[in-house]
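The values are calculated or read from the model by the stated rules, or taken from the named source; none is laboratory data. Values in this document were obtained by computation on a predicted structure and should not be read as measured data. Please note: Cβ atoms are built from the backbone with ideal geometry, for glycine as well, and neighbour counts cover all protein chains shown. The protein model used for the area step is the full one, side chains on, heavy atoms only, and it has no ligands, DNA or RNA in it. Shrake-Rupley method; radii C 1.70, N 1.55, O 1.52, S 1.80 Å.
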Protein chains: 2
Amino acid sequence: MKSLVSRCPIEEVMQVLSGRWPTLLIYYLKQGTKRFSDLRRDNPTISHKMLTLELRKLEDAGIVERTEFGGYPLRVEYQLTPAGHRLVPLIDALGEWWDTTSDTGAQSSPADTEPVIPNTVSRD
Amino acid sequence: MKSLVSRCPIEEVMQVLSGRWPTLLIYYLKQGTKRFSDLRRDNPTISHKMLTLELRKLEDAGIVERTEFGGYPLRVEYQLTPAGHRLVPLIDALGEWWDTTSDTGAQSSPADTEPVIPNTVSRD
DNA sequence: TCGTGGTTACAAAAAGGTGCGTAATTTACT
DNA sequence: AGTAAATTACGCACCTTTTTGTAACCACGA
């Protein structure tokens, strides 16, 4: 992982939220508790390795909580922590800012920005 | 540059703001107009290649405006656009969120989070 | 044998750094 | 006076580092 250049909170958050996946995962997790395989179905283009890595990162950042239910085919559930939930509106605000600034005419829903996932499914 | 996975504004903003530099550059630019060499002095660890690349990206995103004054030694000035200024508080909010969640005891300034740049200066 | 939620090793791709070249004018030195 | 060097904001080519993808493997129990 890239080391920090300054000791400022902004750079620290960005280190966690940077990249394609963190905000997407947060988006799906705000819908409620999800299992590993659920998240894979939600965004089919992430590799399982990336998914585990990103989930760990979000976990370490205190955004996501991992609950492991022991047993047979092994069940693990992921959900947003309270802090994670508090983060959601801030991210949404960024999305709305983007919508209003890069206003190329017609926009869709005002609040609750919704990712339209394509299906470039990569089987493995 | 990585292509988008979904067509959602959040992913689009994050594509612009992701990485170590965008937020740092915005931070320094909110202090006012800066020249290329000023920004290099502000954060000595960025290479000129990265700086131009990141500035272009911010320019394309409508966050930063580039003004070129002809003549030689050629002078160029960078400043936040109105949209860029509107973005600043949103980014600051993320910093504050981080501060309040990862609260490891003592914190510094409440608002106006300030990067403390180190001086691993690389001359070139 | 399959499915779950991983880990590990290796390969590919992307990001980033380094150094050189460039322009026209000023300043520095001889 | 004449030459040389420095200046500013890059672009380009090459090379290294980091990130991400791929595939194989593991455990367990149904």
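Here are the numbers for the structure shown:
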read-out: Length-normalised contact order for the range A:11-99 - Cα pairs under 8 Å, 6+ apart - percent; value: 31
read-out: Ascending list, in nanometres, of distances separating the B:Glu77 label from those of the other copies (7 Å, Cα toward Cβ); value: 5.8
read-out: FRET efficiency estimate (nearest 0.05) - Cβ-Cβ, A:Tyr72 to A:Thr100, R0 30 angstrom; value: 0.05
read-out: Size of the B/A contact, given as accessible area buried on both chains, probe 1.4 Å, in Å²; value: 3800
read-out: Cross-link partners of A:Lys34 among aspartates and glutamates (Cα-Cα below 15 Å; sequence separation of 8 or more within a chain); value: A:Asp42, A:Glu54, A:Glu59, A:Glu65, A:Glu68, A:Glu77
read-out: At 7 Å out from Cα toward Cβ: B:Ser3 inter-copy label distances (nm, ascending); value: 3.7
read-out: Distance from the range B:31-99 to the range A:13-91 (C-alpha centre basis), Å; value: 32
read-out: Size of electric dipole in the range A:11-99: Cβ of Lys, Arg +1 and of Asp, Glu -1, about Cα centre, debye, nearest 20; value: 420
